[in-house]
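Taking it in order: structure first as structure tokens, then the write-up.
FYI, it's all coordinate maths here, none of it is from the lab. What you are looking at is a predicted structure, and each value in this text was computed from that prediction instead of being measured. As a convention, Cβ positions derive from the backbone with ideal geometry for all residues, glycine included, and neighbour counts pool all protein chains shown.
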Amino acid sequence: MVPLSYYLVLSAVLFACGVTGFLIKRNIITIFMSIELMLNAVNLTFVAFAAELRALSGNVFVFFVMVVAAAEAAVGLAIIISVFRTRETLNVDRVNLLKL
Amino acid sequence: MTIGTYILVSIIKIVIAMLVLLTGVAYTTLAERKVVAHIQNRWGPSRVGPFGVWQPLADGLKFIFKEDVTPPFVYRPLYLLAPVLSLTMALTAIAVIPVGPWVSVGSVHTPLQIADVNIGLLVILGLTSIGVYGVALAGWSSNSKYSMLGSLRASAQMVSYEIALGLSLVGVLIYSGSFSLRDIVMAQSGTFLGFIPKWNIFTGQFIAFFIYIMAAYAETNRIPFDLPEAETELVAGYHTEYSSMKFAMFFMAEYANMFTVACLASVLFLGGWLGPVFGPPLLQAVLPVVWFVLKVLAFIFIYIWVRGTLPRFRYDQLMAFGWKFLFPLAIANIMVTALVVALR
Amino acid sequence: MHLVLFLIFGAVCVGAAINLLVQKHPINSALSLIVVMGSLAVLYLLLGAEFVAAVQVIVYAGAVMVLFVFVIMLLNAGEEEVLPHSSRVAIVLGVPGLILGLAVGIWVVARYAGFDRIAIGGPRVLSGSEGFGNPSSVAKLLFRDYLLPFEVTSVLVLIAILGAVVLARREE
């Protein structure tokens with residue numbers, strides 16, 4: 001049916017999109033969303049290998065990745081809100097007071 | 001059964017379910033107006049047909065012929081997407097609800113359920129979670145302060161009470177041992193002492209039932225939790241800027257959600273289609289569906305009854321109730337249920 | 001059948017991921033990410049992991065992304081401005097280059113490691129798959145072998161809640 005490598009290639013493409021978004025986007029929230037995209041790509045790899053090797057540990061690990069991603073999203077967004085309150089901008093290039 | 005027969009039978013079931021659901025939604029609006037009217041000692045719609053029976057038809061025609069005004073300042077893609085999202089999620093939930101046992105029509109042996117998946121309960125929780133987007137995006141795309149505030153409050157309320165909703169169902173899951181709604185109903189068969197049925201509401205999930213009811217009222221934005229769409233508060237909340245068919249879609253989505261909640265409550269706590277079955281074989285095939293429909297109608301009546309009777313919560317009281325009372329109570333219910341089941 | 005579904009939803013995934021990169025307004029990117037998560041849930045169903053698919057929709061697409069959408073709505077994030085010193089050539093050449101490079105690299109590795117020989121979704125998975133991926137087998141693993149990580153993640157979530165509440169509070 002569907003070879004494992006197809007899932008791995010899809011996961012790689014999603015991961016690459018996530019990395020690209022992380023590098024080229026200027027809006028901090030979009031950067032966070034690219035991080036979530038990278039985590040989702042990794043989840044797909046885990047589930048694909050779990051199906052391939054008939055080992056349910058892959059599924060269980062996906063849970064932990066999701067929990068960590070949720071916790072990170074919550075704290076990260078709280079940080080974004082407090083940065084927005086002081087700097088009044090969501091553009092990472094403008095948060096540069098520490099620059100020489 | 002072959003794949004062709006399966007698809008044909010599924011399509012027939014979907015068409016029947018959609019017809020029944022949409023007619024039910026329309027007549028629930030009539031039932032609501034009449035029951036609330038009788039609570040308030042007046043008649044309700046009674047002109048359009050005998051006992052106002054054609055009122056929903058008249059309302060539908062009115063909605064179709066009303067002018068569809070799209071304000072110029074809205075963010076159009078999301079403005080058009082939001083009611084579609086709400087209605088789709090509300091209507092899809094009927095797919096996993098079991099209405100009756102397996103029946104045989106001719107040579108076809110099929111369950112009275114569109115899709116018997118082994119994660120049925122999670123499918124409904126997932127659809128409720130996605131339904132929050134309809135509300136959030138409607139308010140944001142409308143670009144007006146009433147809509148924005150109303151939708152923020154409504155979606156915060158829905159997300160908070162989703163937690164209590166999900167946790168109240170865990171007690172039922174521990175009893176039944178499966179996420180499939182059909183298995184949960186079958187686990188409630190049998191009776192105590194010959195006449196008290198072994199429904200989950202009698203075998204210890206009483207508190208879970210009340211948590212579920214209260215969380216469901218908050219999820220569907222009904223009184224006493226309907227602050228986000230109360231007319232005296234925020235004009236009309238998140239659907240202020242919507243008119244004609246799009247407003248009708250939000251309206252239908254709210255009543256379809258009520259139906260889903262009622263169906264789920266009767267499946268999980270009141271034993272679904274289980275009830276005394278007697279008589280000739282044709283009656284025996286129809287009677288379970290009749291019991292199910294009666295239970296669902298009883299729930300809808302309680303919904304409307306509560307709407308006509310109680311005042312609404314203030315927003316901070318509402319959030320405090322969800323987080324500080326229902327959530328710990330649901331967790332306590334899970335712990336006690338798990339203890340009881342483990343010690344059996 | 002599995003191949004057709006995989007191709008359709010894989011294409012939807014990649015399309016939505018590229019849409020996330022291309023859109024200027026963060027709310028469109030958020031919606032594209034929700035589409036990615038939805039189609040990934042379908043792919044998990046194809047891989048026989050139905051509980052993970054349901055949790056993906058309920059937790060990831062239904063709670064984490066709601067958080068993102070709330071923050072975008074609250075902060076009223078406008079459209080993104082491209083500052084003058086970002087090179088368009090680098091973006092136009094580099095983005096597809098990165099994606100293509102990673103995809104080709106994984107393809108080569110997979111071919112040489114022989115992952116192509118075994119196909120998922122074949123009869124080996126379908127028969128006797130009642131116990132694979134359904135909630136009770138995942139739960140057995142989660143609460144027996146992985147009990148310590150489970151408890152640790154609950155502490156992690158508690159810390160995250162406290163951190164988020166403290167960080168987002170207004171200084172009165």
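With contacts taken as Cα pairs under 8 Å at a separation of at least 6 residues, region B:111-240 carries a relative contact order of 33 percent.
With a ≥ b ≥ c the root eigenvalues of the C-alpha gyration tensor of region B:246-336, is it rounded (a/c under 1.5), prolate (a/b larger than b/c) or oblate? Cα axes put region B:246-336 in the oblate bin. Roughly what angle does helix B:76-92 make with the longest principal axis of chain B, taking Cα atoms, 0 to 90 degrees, to the nearest 10? Helix B:76-92 sits at roughly 20 degrees to that axis. Look at the stretch C:133-139: the mean tally of other chain Cβ atoms within 10 Å of its residues' Cβ atoms is 5. The loop-placed chymotrypsin sites (Phe, Trp or Tyr not before Pro) in region B:207-299, going by DSSP, that have at most 14 neighbouring Cβ atoms within 10 Å of their Cβ come out as B:Phe278. Quick one: check the C-alpha center-to-center distance for region B:1-29 versus region A:1-44, whole angstrom. Cα centroid to Cα centroid, the span is 39 Å.
Just counting partner chain Cβ atoms within 10 Å, what average do the residues of peptide C:40-50 show around their Cβ?
Numbers: counts 9, 1, 0, 7, 8, 2, 6, 12, 5, 10, 7.
For this peptide, the per-residue mean of nearby foreign Cβ atoms is 6.
Selection among B:Pro72, C:Val165, C:Tyr112 by position relative to the dipole of the protein assembly as shown gives B:Pro72 as farthest towards the positive end (Cβ unit charges, Cα centre). With a ≥ b ≥ c the root eigenvalues of the C-alpha gyration tensor of region B:32-167, is it rounded (a/c under 1.5), prolate (a/b larger than b/c) or oblate? Taking the square roots of the gyration eigenvalues as a ≥ b ≥ c, region B:32-167 is oblate. Across all directions, the average flat footprint of the convex hull enclosing the Cα atoms of the protein assembly as shown is 33.0 nm².
Dipole of chain B computed with +1 at Lys/Arg Cβ and -1 at Asp/Glu Cβ about the Cα centre; of B:Trp305, B:Thr29, B:Val99, farthest Cα towards the positive end is B:Trp305. Considering only alpha-carbon pairs that sit under 8 angstrom and 6 or more positions apart, the relative contact order computed for chain B is 23 percent. Taking every alpha-carbon pair under 8 Å whose residues sit at least 6 apart, chain A reaches a relative contact order of 27 percent.
Pull out a ≥ b ≥ c, the square roots of the eigenvalues of the alpha-carbon gyration tensor of region A:4-94, then state rounded if a/c is under 1.5, prolate if not and a/b is larger than b/c, and oblate in the remaining case. Oblate, because a/c is 1.5 or more while a/b does not exceed b/c. Taking only alpha carbon atoms, chain B gives an Rg to Rh ratio of 0.98, where Rh is the Kirkwood radius. Each Lys and Arg Cβ is given +1 and each Asp and Glu Cβ -1; about its Cα centre, the protein assembly as shown then shows a dipole of about 340 debye.
Ranking C:Gly48, B:Ser243, A:Leu56 by Cα position along the charge dipole of the protein assembly as shown, where only Lys, Arg, Asp and Glu carry charges on their C-beta atoms, puts B:Ser243 farthest toward the positive end.
Within the listed set B:Ile300, B:Ile196, B:Ile14, the Gaussian network model of chain B (springs between alpha-carbon atoms below 10 Å) gives the highest mean-square fluctuation for B:Ile196.
Please compute, for peptide A:84-91, the average count of beta-carbon atoms on other protein chains lying within 10 Å of each residue's beta-carbon.
Mean shielding count: 3.
Sorted ascending by nearby beta carbons within 10 Å, beginning with the fewest, B:Ser180, B:Ser189, B:Ser155 become B:Ser189, B:Ser180, B:Ser155.
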